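Enquirer: This structure is in structure tokens; I'll ask about it shortly.
The values are calculated or read from the model by the stated rules, or taken from the named source; none is laboratory data. What you see is a predicted model; the values in this text were computed from it and never measured. Here the Cβ positions follow ideal geometry from the backbone for every residue, glycine too, while neighbour counts run over all protein chains shown.
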Amino acid sequence: MAQTQSLLRVPALYGGPSSGGPPPSSALRTLTKCSPLDGEPIAEVELAGPAEVAAAVEASARAAVSWGRTPVKERVQPLFRFKQLAEAAIDELSASISRENGKTHGEARAEVEKGIEVVEFACSLPQIGAGRLLEVSSGVDCFTRRYPHGVVAGITPFNFPAMVPLWMIPIALACGNAFILKPSEQVPLTPLRLLDLFREAGLPENVLQVVNGDRSAVETLLDHPGVAAAAFVGSTPVAREVHRRGTLAGKTVLALGGAKNHLVVVPDADPEITARNVIASATGCAGQRCMAASVLILVGEAEPILERIVEEGRRIETGKSMGAIISAAARDRIVGYITQAEKEGARLPLDGRGVTVPGREGGSYVGPTIIDGLAPDAACVKDEIFGPVLTVLRVKTLAEALAIENASPFGNAASIYTTSGATARAFADRASAGMIGVNIGVPVPREPFSFGGWNASRFGHGDITGEDGIHFWSKQKKITQKWTAGAASNWMS
């Protein structure tokens with residue numbers, strides 16, 4: 001990255017033979033990236049066109065040949081070194097995430113730590129990816145090996161500039177692929193620093209590259225015949241289109257979409273634990289995560305717990321214990337949902353509109369918001385708002401709560417708050433979501449358990465991390481062999 005006056009210049013292609021990628025082209029479009037914390041410009045981002053994407057694929061294809069033939073025990077050595085470098089640079093990475101994304105420093109640090117956990121998993125590939133062997137008949141062996149796809153791509157969102165790339169890159173590299181990362185143009189800085197650390201760790205040239213761009217760059221990657229597989233994380237409409245376009249081009253594609261996560265509270269729930277946990281789920285990362293609490297369903301006599309949840313929400317300090325919204329446009333969209341709900345007759349025990357942070361008046365903020373009194377078919381109940389907004393519904397039975405959850409087209413996460421094991425088991429069995437929480441509002445699996453939802457929260461097969469990640473980023477070959485010793489004497493006798 002080059003410093004131009006007070007703004008960083010982010011090149012369209014990063015990670016090639018020179019540290020800044022190819023020379024900047026006067027024909028490239030650019031955008032100015034502003035920090036959501038205060039609205040101040042922090043970077044000028046070049047947006048890659050077809051020529052830059054093609055150059056990245058060509059360089060990756062050359063690198064993939066030797067990298068894919070490198071023994072897996074050698075391929076993971078740069079990952080071991082990257083882990084150490086990332087841990088040493090965690091404060092720097094956290095500051096970068098906070099500046100360009102708007103998270104609090106603690107949230108940013110936790111994001112990096114979760115990403116490093118996937119690096120650790122990828123380092124174990126020589127052990128967990130050893131394959132299988134079985135004598136299937138007398139003197140006949142059948143065994144498996146995994147092979148890389150070649151050139152692969154990852155298209156990642158704004159809300160986790162480090163973690164989501166690290167869901168993909170380490171496992172894909174350990175499997176022997178050359179990787180092209182297309183991060184969100186709203187968070188261009190942290191991914192480049194990750195690439196620098198990978199190179200410092202000894203990753204060969206062009207095995208990992210970053211292409212900065214917008215929709216045009218994504219479409220070019222998906223259409224390019226030299227890209228064999230692609231993973232995506234973002235909204236459901238875009239995930240659906242990425243999966244459609246990529247598979248039509250003959251690629252292996254996994255596209256993770258949005259969510260509308262339901263948290264169910266039954267009367268026997270622990271009030272204090274539930275209140276703290278629900279608010280943490282709804283407001284963490286300013287609600288800008290696909291695992292955030294979105295709809296709170298109170299079952300039976302659970303009203304006192306709602307009062308505690310509102311009290312906990314009032315303790316959140318916007319700009320301190322909760323960060324910013326990614327952009328003014330995103331903030332205005334969230335505020336529009338709240339205003340619409342108010343027009344529809346909803347009550348607002350907490351109203352986060354109009355929040356400003358002293359000294360950061362140019363920032364994009366929405367405070368914790370609780371919307372009560374809407375019908376189950378209201379927009380705020382059905383749509384992914386992607387902000388610190390929690391909508392409350394009331395039902396009489398757990399069966400009614402499950403019917404509402406099951407009716408959602410999404411299926412990322414669902415949680416229940418209860419002190420009854422039988423109730424928790426019934427909910428876990430019947431909720432239509434890929435990740436279930438019991439007294440946990442953000443049920444993100446820890447490695448080696450994999451991350452991935454159901455229904456319209458995922459397009460493609462498998463999950464993005466864990467063992468499923470190995471299966472996605474590689475191809476399995478089955479080999480059956482028979483050797484018969486000759487009757488004549490030879491070197492074996």
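Enquirer: Restricting attention to the stretch 471-485, which residues are in contact (Cβ under 8 Å) with a residue 24 or more places away in the chain and in a loop (DSSP other than H, G, I, E, B)?
Expert: Correct list: 473, 483, 484.
Enquirer: Do we have any residue at all in the stretch 17-39 that's buried (at least 21 other Cβ atoms within 10 Å of the Cβ), charged (D, E, K, R) and either at pLDDT below 85 or within 27 Å of residue 224 (Cα to Cα) (or both)?
Expert: no
Enquirer: Is there any pair with a first residue in the stretch 35-61 that is assigned by TED's automatic domain parsing to the domain that holds residue 95 and a second that is among the aromatic types (Phe, Trp, Tyr) and part of a strand (DSSP E or B) whose Cβ atoms are under 8 Å apart and which are 6 or more apart or on different chains, and what are they?
Expert: Hits for this filter: 60/179.
Enquirer: Kindly indicate the residue of the stretch 246-291 that is surrounded by 18 or more Cβ atoms within 10 Å (Cβ to Cβ) and among the charged types (D, E, K, R) and also nearest to residue 368 (Cα to Cα) among those meeting that condition.
Expert: 289
Enquirer: Let me ask something additional. Of all residues being outside any strand (DSSP E or B) and at pLDDT 90 or above in the stretch 133-155, which is surrounded by the fewest Cβ atoms within 10 Å (Cβ to Cβ)? Just the residue, please.
Expert: Filtering first and then ranking leaves 150.
Enquirer: Of a type in the set (S, T, N, Q) and over 19 Å from the mean Cα position of the chain (by Cα) - does that describe any residue in the stretch 154-176?
Expert: No, there is no match, as no residue in the stretch 154-176 is of a type in the set (S, T, N, Q) and over 19 Å from the mean Cα position of the chain (by Cα).
Enquirer: Check the stretch 132-154 and report whether any residue there is within 30 Å of residue 7 (Cα to Cα) and in contact (Cβ under 8 Å) with a residue 40 or more places away in the chain.
Expert: Scanning the stretch 132-154 turns up at least one residue that is within 30 Å of residue 7 (Cα to Cα) and in contact (Cβ under 8 Å) with a residue 40 or more places away in the chain.
Enquirer: Further question on the same structure: For a quick check of your reading of the model, give me the residue pairs whose first member lies in the stretch 319-337 and is assigned by TED's automatic domain parsing to the domain that holds residue 362 and at pLDDT 95 or above, whose second is assigned to a helix (DSSP H, G or I) and hydrophobic (A, V, I, L, M, F, W, C), with beta-carbon atoms closer than 6 Å and at least 6 apart or on different chains.
Expert: 322/286; 323/286; 325/286; 337/380
Enquirer: Additional query: Is there a residue being crowded, with 24+ Cβ neighbours inside 10 Å and either touching an Asp or Glu at 6+ places or on another chain (Cβ under 6 Å) or closer than 26 Å to residue 451 by Cα (or both) anywhere in the stretch 304-314?
Expert: Among the residues of the stretch 304-314, not one is crowded, with 24+ Cβ neighbours inside 10 Å and either touching an Asp or Glu at 6+ places or on another chain (Cβ under 6 Å) or closer than 26 Å to residue 451 by Cα (or both), which makes the answer no.
Enquirer: I've got another one for you. Examine the stretch 413-430 for a residue that is closer than 30 Å to residue 241 by Cβ, part of a helix (DSSP H, G or I) and touching a helix residue (DSSP H, G or I) at 6+ places or on another chain (Cβ under 7 Å), and state whether such a residue exists.
Expert: Within the stretch 413-430 (the criterion being closer than 30 Å to residue 241 by Cβ, part of a helix (DSSP H, G or I) and touching a helix residue (DSSP H, G or I) at 6+ places or on another chain (Cβ under 7 Å)), the answer is no, since none of the residues qualifies.
Enquirer: Would you check which residues across the stretch 374-392 are under 19 Å from the mean Cα position of the chain (by Cα), within 16 Å of residue 457 (Cα to Cα) and not hydrophobic (A, V, I, L, M, F, W, C) and list them?
Expert: Listed by number, the list holds a single entry, 384.
Enquirer: Might you check whether a residue that is among the hydroxyl-bearing types (Ser, Thr, Tyr), touching a residue at least 40 places away in the same chain (Cβ under 8 Å) and crowded, with 24+ Cβ neighbours inside 10 Å occurs anywhere in the stretch 156-171?
Expert: Yes, the stretch 156-171 contains a residue that is among the hydroxyl-bearing types (Ser, Thr, Tyr), touching a residue at least 40 places away in the same chain (Cβ under 8 Å) and crowded, with 24+ Cβ neighbours inside 10 Å.
Enquirer: When you go through (1) crowded, with 19+ Cβ neighbours inside 10 Å; (2) out of contact with any strand residue (DSSP E or B) (no Cβ under 9 Å at 6 or more places or on another chain); (3) not hydroxyl-bearing (Ser, Thr, Tyr) one by one for residue 431, which number turns out not to apply?
Expert: Every condition holds for residue 431 apart from (2).
Enquirer: Return the only residue of 198, 160 being closer than 21 Å to residue 31 by Cα, hydrophobic (A, V, I, L, M, F, W, C), touching a strand residue (DSSP E or B) at 6+ places or on another chain (Cβ under 9 Å) and modelled with pLDDT of 95 or more.
Expert: Answer to the selection: 160.
Enquirer: How many residues are in contact with a Pro (Cβ under 7 Å, 6 or more places away or on another chain) and surrounded by fewer than 21 Cβ atoms within 10 Å (Cβ to Cβ) if we restrict to the stretch 172-204?
Expert: Within the stretch 172-204, residues that are in contact with a Pro (Cβ under 7 Å, 6 or more places away or on another chain) and surrounded by fewer than 21 Cβ atoms within 10 Å (Cβ to Cβ) number 2.
Enquirer: In the stretch 257-303, what residues are outside any helix (DSSP H, G or I) and acidic (Asp, Glu)?
Expert: 268, 270, 301
Enquirer: Another question, if that's okay. Quick one: what pairs do we get from the stretch 375-399, first residue assigned by TED's automatic domain parsing to the domain that holds residue 309 and more than 12 Å from residue 298 (Cα to Cα), second in a loop (DSSP other than H, G, I, E, B) and of a type in the set (Val, Ile, Thr), C-beta under 7 Å, 6+ apart or different chains?
Expert: From residues that are assigned by TED's automatic domain parsing to the domain that holds residue 309 and more than 12 Å from residue 298 (Cα to Cα), the pairs are 387/325; 387/366; 388/366.
Enquirer: Looking at the stretch 116-132, is at least one residue surrounded by fewer than 15 Cβ atoms within 10 Å (Cβ to Cβ), modelled with pLDDT under 95 and touching a strand residue (DSSP E or B) at 6+ places or on another chain (Cβ under 7 Å)?
Expert: Yes.
Enquirer: Taking the options 110, 88, name whichever one is under 24 Å from residue 327 (Cα atoms) and out of contact with any Cys (no Cβ under 9 Å at 6 or more places or on another chain).
Expert: Checking each option against the conditions leaves just 110.
Enquirer: Separate question: For the stretch 350-399, how many residues meet the condition of being part of a strand (DSSP E or B) and surrounded by fewer than 19 Cβ atoms within 10 Å (Cβ to Cβ)?
Expert: Qualifying residue count, the stretch 350-399: 2.
Enquirer: A follow-up question, please. Name the single residue, out of those in the stretch 91-101 being in contact (Cβ under 8 Å) with a residue 24 or more places away in the chain and farther than 16 Å from residue 164 by Cβ, that is surrounded by the fewest Cβ atoms within 10 Å (Cβ to Cβ).
Expert: The residue in question is 92.
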